[in-house]
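I have placed the structure first, in the form of structure tokens, so that the comments after it can refer back to it.
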Amino acid sequence: MQLDAKIPSGPLSDKWDKHRFELKLVNPANKRKYNIIVVGTGLAGGSAAASLAELGYYVKNFCVQDSPRRAHSIAAQGGINAAKNYQNDGDSIWRLFYDTIKGGDFRAREANVHRLAQVSNHIIDHCVAQGIPFAREYGGLLSNRSFGGAQVSRTFYARGQTGQQLLLGAYSALMRQVAAGLVTLFPRREMLDLVVINGQARGIVVRNMITGEIESHAADAVVMCTGGYANVFYLSTNAMASNVSATFRAYKKGAFFANPCYTQIHPTCIPVHGTYQSKLTLMSESLRNDGRVWVPKTPGDKRPPNQIPESERDYYLENKYPSFGNLVPRDVASRNAKAQCDLGKGVGETGFAVYLDFKDAIKRDGKDVIAQKYGNLFQMYEKITASNPYEAPMMIYPASHYVMGGLWVDYNLMSNLPGLFVMGEANFSDHGANRLGASALMQGLADGYFVIPYTIGGYLVGMDRPEVTTDHPAFKDAVHYVTERINKLLSINGKRTVDDIHRQLGHILWEYCGMSRSEEGLLKARKLIQELRGEFWENALVPGSSEDFNQSLERAGRVADFLEFAELLVIDAFERKESCGAHFNDAYQTEENEAKRDDENFCHVAAWEYKGDDTAPELHKEPLVFENVELTQRSYK
Amino acid sequence: MTKNIDITLKIWRQKNADVKGGFETYHASNISIDMSFLEMIDVVNEQLTLDGKDPIAFDHDCREGICGMCGAVVNGRAHGPEKGTTLCQLHMRHFSSGDTIVIEPWRAKAFPIIKDLAVDRSAFDQIIVAGGYISVNTGGAPDANAIPISQEIAEKAMDAAACIGCGACVASCPNASAMLFTGAKISQFALLPQGRPEAALRALAMVRKMDELCFGNCGNERECEVECPKEISISNIARMNREFFKAGLGSAVM
Ligand SMILES: Cc1cc2nc3c(=O)[nH]c(=O)nc-3n(C[C@H](O)[C@H](O)[C@H](O)COP(=O)(O)OP(=O)(O)OC[C@H]3O[C@@H](n4cnc5c(N)ncnc54)[C@H](O)[C@@H]3O)c2cc1C
Ligand code: SF4
Ligand code: FES
């Protein structure tokens with residue numbers, strides 16, 4: 001099957017305008033007749049549900065938390081990019097486009113990324129109009145900061161709580177539509193299956209997490225914005241409930257999963273300190289604006305940082321990458337931290353940490369300025385580690401953080417299943433093999449506020465659909481399948497807790513499919529995952545019943561899906577016999593240890609089709625065509 | 001350096017909203033002081049699971065102090081003893097070996113218990129539905145720098161906007177009032193020029209909704225401000241009252 005990305009023809013910068021003009025419009029009076037399901041209330045889902053309702057569509061909006069305001073987007077700290085060029089420092093839509101394409105190591109679609117850069121400015125305008133209190137200069141204009149992978153200052157922020165403020169903006173807009181009667185909220189619902197009728201996505205089956213009831217919902221289109229799967233690594237910076245289940249179920253119903261092996265390891269997280277640890281905390285990348293990364297020059301130097309003289313410190317990023325210094329992209333920063341620790345130069349109790357030092361910044365700007373920029377991050381760091389970053393350098397280490405992979409979508413953000421749209425971190429579309437900082441918030445809001453409101457209309461009037469209600473046999477089948485699976489989970493009655501098994505899965509992936517990969521390691525990982533999955537279904541212990549508020553059952557369902565999905569991730573990593581962005585295979589590197597792409601053979605999106613539990617998935621390739629940028633070896637020297 | 005402690009826990013267990021609950025006692029030994037409070041409960045839950053017992057239900061998600069999902073009353077204090085800290089960011093180094101720790105859910109008429117420590121806070125969403133927004137549709141906004149806003153005002157609005165909707169203010173108020181939560185949202189918008197046009201209507205609608213939902217009145221006890229993990233200032237309540245009062249005077253909008 002040839003995947004058609006439906007990229008409009010014509011010059012890059014005209015594509016979106018032309019496409020919007022060509023898309024059919026829905027008669028305003030008819031919009032109310034259309035039911036749309038939006039799964040997820042993060043930046044992508046919240047903004048989509050609000051904007052679609054503003055247009056007059058009738059929207060049902062689902063999330064697993066108790067309120068839409070708690071979607072994981074809330075945790076984003078650093079900021080959101082836009083090509084406003086308010087700083088007059090040479091930014092432009094084209095530069096944001098180019099930086100994103102290059103940052104993604106030339107593995108994203110030009111047309112999508114360009115559209116993202118184009119709408120980025122509208123996002124900031126809209127968010128300000130919503131009352132989001134972005135940081136400002138004394139004169140009252142908006143303030144910007146820099147982020148990794150860019151040499152211009154284009155990141156807008158609200159202290160260290162940008163995600164929170166943007167999400168609360170979308171949430172407010174959403175609640176306004178609830179008041180208008182156009183959005184119905186379904187919190188504490190977990191999507192457990194997608195319902196496909198005549199090849200079209202027509203609804204979902206969810207579990208009411210309070211009563212355990214399995215509910216069916218039908219619609220004209222399903223928009224999935226269920227976030228990323230970084231928790232497949234067990235420890236990650238994601239929220240505890242972040243999962244792959246929703247997208248994986250859609251995959252099993254025929255939606256293609258694209259580039260699952262593109263997983264991002266973030267360089268600046270608080271290091272792991274014990275087996276009981278349940279998650280890792282990110283220290284925003286914005287800290288690299290002012291913090292300097294270093295390790296002792298001599299391996300095994302265990303002196304406290306303040307006793308190590310300047311001459312015995314290795315500011316390895318600044319030395320190796322003079323033009324970007326501490327602001328190299330995430331994949332580069334992470335790999336270099338690991339390399340230093342592998343050389344025995346890691347610091348802290350475990351040796352798996354490097355310093356991020358603010359001494360010089362405090363000396364230069366004063367403590368107050370630094371506190372204003374990063375105060376809440378410093379406070380958070382101190383709460384967790386009991387060490388004061390104003391006095392001693394922070395210790396940081398890479399952690400699983402974000403996934404570029406996700407369900408395959410075309411230019412309209414529709415998957416290969418008609419009527420199934422996928423947005424935000426849940427799709428694969430804009431970040432190629434590596435995402436630049438402050439670009440996920442931008443993408444989620446671009447998708448929800450400015451793309452889906454147009455493209456969904458084109459689908460709704462462009463394709464015939466039979467009348468469907470939840471009495472359709474496809475709904476009954478899905479409910480049956482979901483119920484059986486829950487019963488099966490509850491009846492394993494083994495001896496290991498689900499968390500314990502999940503932790504082991506995390507170790508396998510981190511070891512063999514983390515910051516660097518090898519064919520041998522990946523083969524081993526695949527076998528270990530299969531064994532662990534076998535053990536799960538024989539020896540997991542899931543307490544309680546299904547008709548109850550049962551958090552163990554929720555976790556068990558998610559881990560069961562992670563155990564299947566992990567294998568797909570490893571298969572994809574194995575098949576991509578090159579290094580690109582965050583996917584680093586030891587066998588493919590330049591002399592300077594940078595990721596070495598193979599554009600001749602791997603300049604494509606790898607989209608996987610489910611073929612059955614016991615059959616290997618089938619690979620479909622969408623070739624990536626670059627008409628506007630030249631593919632180069634990324635260099636941040 | 002890591003250190004371990006042994007503690008006794010008295011935890012509120014309640015199967016659901018319709019049955020009576022009560023305290024159960026658990027012993028947790030070898031708890032690393034570097035653990036967060038929720039990781040400590042995880043450890044207890046792992047053991048309960050292995051022992052064939054029902055683990056303790058509690059809400060949580062980000063575990064970074066930002067989503068507002070977690071929360072419980074610990075030794076009589078919402079989110080525990082540390083100032084400006086959510087339960088997920090509270091660490092066991094603030095407790096000592098031999099301590100007995102009492103853990104209860106938020107208690108307020110407007111927040112019915114779902115199970116154990118998990119409560120239903122959807123009343124907060126309803127307050128926002130009543131008017132916690134600026135009425136702008138996607139698409140028509142002017143350039144973001146069109147209206148300069150002084151840094152001082154932006155910072156004040158941000159202080160108010162930092163509320164995470166956790167409900168600790170309600171849980172710690174003797175009257176179970178939601179004034180701090182509501183006042184913070186009303187203030188954020190009332191401070192900003194974008195929010196001024198609707199300021200009066202908004203205050204009126206949100207305050208009325210709050211009353212309707214069985215939240216109590218503010219008795220000026222200031223417990224909310226003390227326990228708020230985001231240190232939202234009680235001055236936001238005064239600002240809300242001013243807006244509400246102004247709205248009441250302009251009877252045209254009533
Ligand atoms: C700690 C941290 C900091 C970050 N900082 C930044 C930053 O500074 N800048 C930046 O650009 N990006 C940042 N990111 C990345 C960015 O926050 C996310 O990629 C983005 O917010 C994802 O938004 P989303 O709408 O796609 O998904 P989410 O916000 O994750 O929302 C997912 C939604 O789907 C729902 N859901 C999930 N599964 C199901 C299911 N099975 N059934 C029903 N509902 C379901 C959830 O309830 C939720 O409502 C950060 C990420 C982390 C982890
Ligand atoms: S005002 Fe404070 S205590 Fe109340 S909900 Fe907001 S953050 Fe929680
Ligand atoms: S779990 Fe998110 S605030 Fe505590």
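A single member of A:Arg207, A:Arg176, A:Arg188 is within 12 Å of A:Phe62 (Cβ to Cβ) and within 14 Å of chain B (Cβ to nearest Cβ), and it is A:Arg188. Residues considered: B:Thr86, B:Thr100. Of these, the only one that is within 11 Å of ligand 2 (Cβ to nearest atom) and of a type in the set (Ser, Thr, Tyr) is B:Thr86. Where residues in region B:184-206 are more than 8 Å from ligand 2 (Cβ to nearest atom) and closer than 30 Å to B:Gly80 by Cβ, which of them is nearest to the chain's Cα centre (by Cα)? Going through the qualifying residues, I end up with B:Lys185. Among the residues of region B:137-149, the one identified as at the interface with another protein chain (Cβ under 7 Å from one of its Cβ atoms) and either in contact (Cβ under 8 Å) with a residue 12 or more places away in the chain or within 25 Å of the chain's Cα centre (by Cα) (or both) is B:Ile149. Give region A:583-621 a look and list any residue that's in a loop (DSSP other than H, G, I, E, B) and open to solvent by less than 40 Å² (accessible area, probe 1.4 Å), or say none. Within region A:583-621, A:Phe584, A:Thr590, A:Glu594, A:Arg597, A:Cys603, A:Gly612, A:Pro617 qualify.
Among the residues making up region A:404-431, those that are over 16 Å from A:Trp608 (Cα atoms), open to solvent by less than 10 Å² (accessible area, probe 1.4 Å) and either within 9 Å of ligand 1 (Cβ to nearest atom) or in contact (Cβ under 8 Å) with a residue 60 or more places away in the chain (or both) are A:Tyr411, A:Gly419, A:Leu420, A:Phe421, A:Met423, A:Gly424, A:Asp430, A:His431.
The residue pairs whose first member lies in region A:107-120 and is without any contact (Cβ under 8 Å) to a residue 60 or more places away in the chain, whose second member is aromatic (Phe, Trp, Tyr) and open to solvent by less than 10 Å² (accessible area, probe 1.4 Å), and whose beta carbons are closer than 9 Å, counting only pairs six or more residues apart or on different chains, are A:Ala117/A:Phe97. Note on region A:57-80: among residues that are in a helix (DSSP H, G or I) and farther than 16 Å from A:Gln177 by Cα, the one that is farthest from ligand 3 (Cβ to nearest atom) is A:Ser73.
Taking the stated definitions as given, is B:Leu201 surrounded by fewer than 17 Cβ atoms within 10 Å (Cβ to Cβ) and assigned to a helix (DSSP H, G or I)?
When the stated conditions are applied, B:Leu201 passes them.
Out of region A:538-572, which residues are at the interface with chain B (Cβ under 10 Å from one of its Cβ atoms) and among the small types (Gly, Ala, Ser)? Scanning region A:538-572 gives A:Gly544, A:Ser545, A:Ser552.
Against the numbered list (1) within 14 Å of chain B (Cβ to nearest Cβ); (2) in contact with a helix residue (DSSP H, G or I) (Cβ under 8 Å, 6 or more places away or on another chain); (3) of a type outside the set (Lys, Arg), A:Val152 comes up short only at (1).
Inspect all residues belonging to region A:84-96 and state whether any of them is within 14 Å of chain B (Cβ to nearest Cβ) and within 16 Å of ligand 2 (Cβ to nearest atom). No, that holds for no residue. Tallying residues that are in a loop (DSSP other than H, G, I, E, B) and either out of contact with any His (no Cβ under 8 Å at 6 or more places or on another chain) or farther than 30 Å from A:Gln165 by Cβ (or both) within region B:36-72 yields 15.
The set of residues in region A:215-259 that are open to solvent by less than 10 Å² (accessible area, probe 1.4 Å), more than 17 Å from the chain's Cα centre (by Cα) and among the small types (Gly, Ala, Ser) comprises A:Ala219, A:Ala221, A:Ala250, A:Ala255.
Given the criteria touching an Asp or Glu at 6+ places or on another chain (Cβ under 6 Å), at pLDDT 95 or above, away from ligand 2 (no atom under 12 Å from the Cβ) and more than 28 Å from A:Ser120 (Cβ to Cβ), does B:Ala168 qualify?
no
Meeting the requirement of 2 or more residues that are modelled with pLDDT of 95 or more and in contact with a Pro (Cβ under 8 Å, 6 or more places away or on another chain), the strands (runs of 3 or more DSSP E) wholly within region A:173-217 are A:200-208.
Listed conditions (1) over 23 Å from A:Leu280 (Cβ atoms); (2) within 14 Å of ligand 2 (Cβ to nearest atom); (3) touching a Gly at 6+ places or on another chain (Cβ under 7 Å) are all met by B:Arg13, apart from (2). Considered as a group, the residues in region B:139-174 that are open to solvent by 10 Å² or more (accessible area, probe 1.4 Å), in contact with a Phe, Trp or Tyr (Cβ under 8 Å, 6 or more places away or on another chain) and within 30 Å of B:Gly76 (Cβ to Cβ) include one that is nearest to ligand 1 (Cβ to nearest atom), and that residue is B:Cys163. Of the residues in region A:116-137, at least one is of a type outside the set (Val, Ile, Thr), surrounded by 24 or more Cβ atoms within 10 Å (Cβ to Cβ) and away from every other protein chain (no Cβ under 12 Å). For region A:405-417, a tally of residues being in contact with a Lys or Arg (Cβ under 9 Å, 6 or more places away or on another chain) and more than 26 Å from A:Asp14 (Cβ to Cβ) returns 1.
Across region B:97-110, a minimum of one residue is classified as of a type in the set (A, V, I, L, M, F, W, C) and surrounded by fewer than 21 Cβ atoms within 10 Å (Cβ to Cβ).
The values are calculated or read from the model by the stated rules, or taken from the named source; none is laboratory data. Worth saying up front: this structure is predicted, and the values here are computed from it rather than measured. We place every Cβ from the backbone using ideal geometry, glycine too, and count neighbours over all the protein chains shown. All accessible areas refer to the heavy atoms of the entire protein, side chains included, with ligands and DNA or RNA removed. Shrake-Rupley method; radii C 1.70, N 1.55, O 1.52, S 1.80 Å.
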